[in-house]
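Below: the structure, in structure tokens.
The values are calculated or read from the model by the stated rules, or taken from the named source; none is laboratory data. Because the structure is a prediction, the values reported are computed rather than measured. Glycine gets a Cβ as well: all are built from the backbone with ideal geometry, and neighbour counts include every protein chain shown. The area values use the complete protein model at the heavy-atom level, side chains included, leaving out ligands, DNA and RNA. Shrake-Rupley method; radii C 1.70, N 1.55, O 1.52, S 1.80 Å.
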Amino acid sequence: MTATDYRAQFNLDGKVAVITGGCGLLGREFCAALAQHGARIAVLDIDRERAEGLSDELTRRFGTKTIATIADVSDQNAVRAATAHIVRYFGGIDILVNNAQSTTPDPSAYFAPFENYDVAEWRRVLAVDLDGMAIVAQAACRQMVGQGRGGALIQIGSIYGAYGPDNRIYEGAEYKGIAINNPAVYSVGKAGVLGLTRWLATAYAAHGIRSNAVVPGGVESGQNADFVRRYSGRVPLGRMARKEEIVGAVVWLASPASSYVTGQSIYVDGGLSAW
């Protein structure tokens with residue numbers, strides 16, 4: 001019988017984890033889970049007040065060392081400065097959870113029909129959803145290569161990066177009272193994330209840097225009852241995900257338990273991709 005301590009493979013004591021979009025719906029859960037497993041946390045977000053509040057909360061709850069770092073991930077200089085700040089504070093970076101996503105200041109522009117979609121809105125979204133992923137990964141890879149101890153890159157994707165939407169479930173769909181659909185720009189950005197994940201995996205494997213994606217299905221977070229019912233009817237498990245159900249895959253990919261896993265897209269979708 002092996003003498004391996006399998007519980008210890010999930011121990012992140014002393015590791016430094018950077019979570020972009022750290023104050024978001026899933027970002028907060030990723031921060032808490034990695035902190036609970038012993039990691040030191042850099043909450044990277046564009047909202048200073050929320051980032052500082054979350055950083056303080058993590059320290060109170062888990063006793064871990066945390067820092068709030070403010071940056072727009074679409075700004076390469078800002079990301080480089082934020083990375084340098086994190087390294088000065090913690091001494092390095094071991095884990096990146098590349099989670100930041102664009103906000104929707106103008107729903108009518110974001111959810112506009114494809115045939116009328118404004119290219120300025122398209123570029124605004126991709127500047128964060130795709131360019132921002134690459135910019136942050138670039139900074140993390142540069143730091144990890146210099147450290148010489150490997151690392152884990154985890155991109156947060158979406159089922160819509162691999163599958164087209166079933167527009168029937170969006171009939172009458174609302175999110176917090178706003179009519180929604182699945183814009184092409186969202187799918188394009190998330191498809192690019194999956195391609196970036198595979199490219200990083202092969203390009204940096206020689207440096208011991210692993211790159212994987214977590215691909216969530218729909219997470220219940222304020223959609224109206226009609227959408228929840230229609231979406232749930234498409235899923236073998238018969239429901240949408242709860243936000244905490246996406247977390248386990250991130251912890252696993254961040255930890256030594258997944259040391260031989262790279263270049264993969266881990267679907268956490270209730271079985272949707274099996275149909």
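General remarks:
- Qualifying residue in segment 4-16 (condition: open to solvent by 10 Å² or more (accessible area, probe 1.4 Å), out of contact with any Asp or Glu (no Cβ under 9 Å at 6 or more places or on another chain) and acidic (D, E)): yes
- Contact map, segment 10-35: residues that are closer than 18 Å to I246 by Cβ and free of Cβ contacts under 8 Å to residues at least 40 places away in the same chain paired with residues that are open to solvent by 30 Å² or more (accessible area, probe 1.4 Å) and assigned to a helix (DSSP H, G or I), Cβ distance under 6 Å, separation 6+ or inter-chain. Pairs shown: C23/R50; A35/F62.
- Qualifying residue in segment 31-38 (condition: of a type outside the set (A, V, I, L, M) and open to solvent by less than 60 Å² (accessible area, probe 1.4 Å)): yes
Conditions (1) in a loop (DSSP other than H, G, I, E, B); (2) modelled with pLDDT under 95; (3) surrounded by fewer than 17 Cβ atoms within 10 Å (Cβ to Cβ), marked per residue:
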position: V193; (1), (2), (3): no, no, no
position: L200; (1), (2), (3): no, no, no
position: A206; (1), (2), (3): no, no, yes
position: Y231; (1), (2), (3): no, no, no
position: G248; (1), (2), (3): no, no, yes
position: W252; (1), (2), (3): no, no, no
position: A257; (1), (2), (3): no, no, yes
position: Y260; (1), (2), (3): yes, no, yes
position: G270; (1), (2), (3): yes, no, no
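- Some residue of segment 153-164 being on the phi > 0 side of the Ramachandran plot and open to solvent by 30 Å² or more (accessible area, probe 1.4 Å): no
- Residue match in segment 92-104 (condition: open to solvent by 70 Å² or more (accessible area, probe 1.4 Å), more than 26 Å from R210 (Cβ to Cβ), modelled with pLDDT of 95 or more and not small (G, A, S)): no
- Pairs with Cβ under 7 Å, 6+ apart, first in segment 100-123 and closer than 14 Å to I180 by Cα, second β-branched (V, I, T) and assigned to a loop (DSSP other than H, G, I, E, B): Y110/T104; F111/I180
- Restricting the first member to segment 84-96 and to residues that are without any contact (Cβ under 8 Å) to a residue 60 or more places away in the chain, and the second to residues that are open to solvent by 10 Å² or more (accessible area, probe 1.4 Å), the beta-carbon pairs closer than 8 Å and six or more apart or on different chains are H85/I67; V87/Q143; Y89/I67.
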